[in-house]
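Okay, structure first, notes after.
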Amino acid sequence: MHLRTHVKPKSRGQTGRRQSEYHDVMIDHHKNVGTVLKALDDAGIPRCHVGDVVESYNQRFDIGFTDQQKADLVAFLSSL
């Protein structure tokens, strides 16, 4: 948890009693991220896809990833 992250009283305990407050904060964070991404989509603002970033870096820095390496990297980055 970040130094300045504070758990709202209503958010405490939403992940269950065996989880830390960090997990409670992350639930709220993910709710906010989803709201922001939906607003971007509704406004027609394009978002960058992980695959586009991998391909851009591959070309810009002449990395030479194979198609399989790019697919593996996209899958890994998308899982984070």
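The values are calculated or read from the model by the stated rules, or taken from the named source; none is laboratory data. Worth saying up front: this structure is predicted, and the values here are computed from it rather than measured. Because the Cβ atoms are built from the backbone with ideal geometry, glycine has one as well, and the counts that use them run over all protein chains shown.
Just a few scattered comments:
- Counted residues, region 32-57 - those being of a type outside the set (Asp, Glu) and within 15 Å of SER78 (Cβ to Cβ): 9
- In region 38-67, the residues that are under 18 Å from LEU80 (Cα atoms) reach residues that are modelled with pLDDT under 90 and of a type outside the set (A, V, I, L, M) with C-beta atoms within less than 8 angstrom, at least six apart or across chains, in these pairs: ARG47/ASP41; VAL50/SER78.
- VAL25 being over 30 Å from ALA71 (Cβ atoms) and aliphatic (A, V, I, L, M): yes
- Only a single item in (1) of a type outside the set (D, E, K, R); (2) in a loop (DSSP other than H, G, I, E, B); (3) modelled with pLDDT of 80 or more is not met by GLN59, and it is number (2).
- Take the conditions (1) small (Gly, Ala, Ser); (2) surrounded by fewer than 10 Cβ atoms within 10 Å (Cβ to Cβ); (3) part of a helix (DSSP H, G or I); GLY64 misses just one of them, which is (3).
- Residue within region 1-10 that is surrounded by 11 or more Cβ atoms within 10 Å (Cβ to Cβ) and within 19 Å of the chain's Cα centre (by Cα) present: yes
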